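Everything on this sheet refers to the single structure shown next.
Every number in this text was worked out from the coordinates using simple rules, so none of it is lab data. Since the structure is predicted, the reported quantities are computational estimates derived from the model, not experimental observations. Neighbour counts are summed over all protein chains in view; Cβ atoms, including those assigned to glycine, are modelled from backbone coordinates with ideal geometry.
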Amino acid sequence: MANLPEMSFGHIGINVADMEPMVKFYTEILGFKLTDRGKGGGANGPELVFLSRDPEEHHQIVLVGTRPQGVPSTINQISFRVKDLSEVREGYDKVVAAGIKDIDPVDHGTALSIYFPDPEGNRIEIYMATPWYIKQPHRQLIDFNKSDVELLKACEEKCQSNPSFMSIEDWKTKFRAKEV
């Protein structure tokens, strides 16, 4: 099979049962802007809500009012990358202040993350990538009572003591060479 051309991720569609709590969550908690809203299928179809945080993308998320009440989502998680740990912490503080339950702060070695549910139980992740690689899966809870400096130092020391440790740049070289 021939290789496909280079691709990047564009957007995700989420089937929802109750549109308004989802719109409120994605706009007020995660900072998306509503870019369009309407009915699909020539005005006879489901409600569609288009959301984006990037002016280069009309929509990064489309919420589609097609999921029946009581039917669980099939999404495992939706992950949003931020530039550094202070932004992960900002996300953590915001979801705590919003009263969201089941917040899970996790150190993966390769990333520092927080996980939490949206109003319909879809798992959301806000994460920063670290400059280190260790074999995955790896999971250790983060204690946000510690400073960012302390958390990053602990992550680096843990990674360097792991037998699979390498810099993320070395891992990328192996990836490009198809050695991973």
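Listed values, structure above:
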| quantity | calculated |
| --- | --- |
| GluC sites (Glu not before Pro) lying in DSSP loop within segment 1-97, provided at most 14 other Cβ fall within 10 Å | 6, 56, 57 |
| Of the chymotrypsin sites (Phe, Trp or Tyr not before Pro) in segment 1-103, those whose Cβ has at most 12 other Cβ within 10 Å and which sit in DSSP loop | 9 |
| Shape call, segment 39-162: gyration tensor on alpha carbons, a/c limit 1.5 | prolate |
| Prolate/oblate/rounded call for segment 9-67, Cα gyration tensor, a/c under 1.5 rounded | oblate |
| Fraction of beta bridges assigned by DSSP in the chain that are antiparallel (%, nearest 5) | 75 |
| Acute angle (nearest 10 degrees) that the helix 148-160 long axis makes with the longest principal axis of the chain, alpha-carbon atoms | 60 |
| Added length on full extension, which subtracts the Cα-Cα distance from 0.36 nm per residue, residue 6 to residue 101 | 30.3 nm |
| Relative contact order for segment 4-50, counting Cα pairs under 8 Å that sit 6 or more residues apart, in percent | 23 |
| Computed over the chain: relative contact order in percent, which uses C-alpha pairs under 8 Å that are six or more apart | 17 |
| Contour minus Cα-Cα distance for residue 153 and residue 69 (0.36 nm per residue) | 25.7 nm |
| Paramagnetic reach from residue 166 in segment 107-135 [backbone N under 13 Å; point 7 Å along Cα→Cβ] | 132-135 |
| Furthest towards positive pole of dipole, 160, 96, 116, structure part segment 76-180, Cβ charges | 160 |
| Order by protection proxy (mean Cβ within 10 Å, highest first), peptides 96-106, 151-161, 121-131 | 121-131, 151-161, 96-106 |
| Simple spin-label estimate for residue 53 and residue 129 in nanometres, 7 Å along Cα-Cβ | 1.6 |
| Charge-dipole axis of segment 9-67 as Lys and Arg at +1 and Asp and Glu at -1 on Cβ define it, positive-most pick from 26, 40, 50 | 40 |
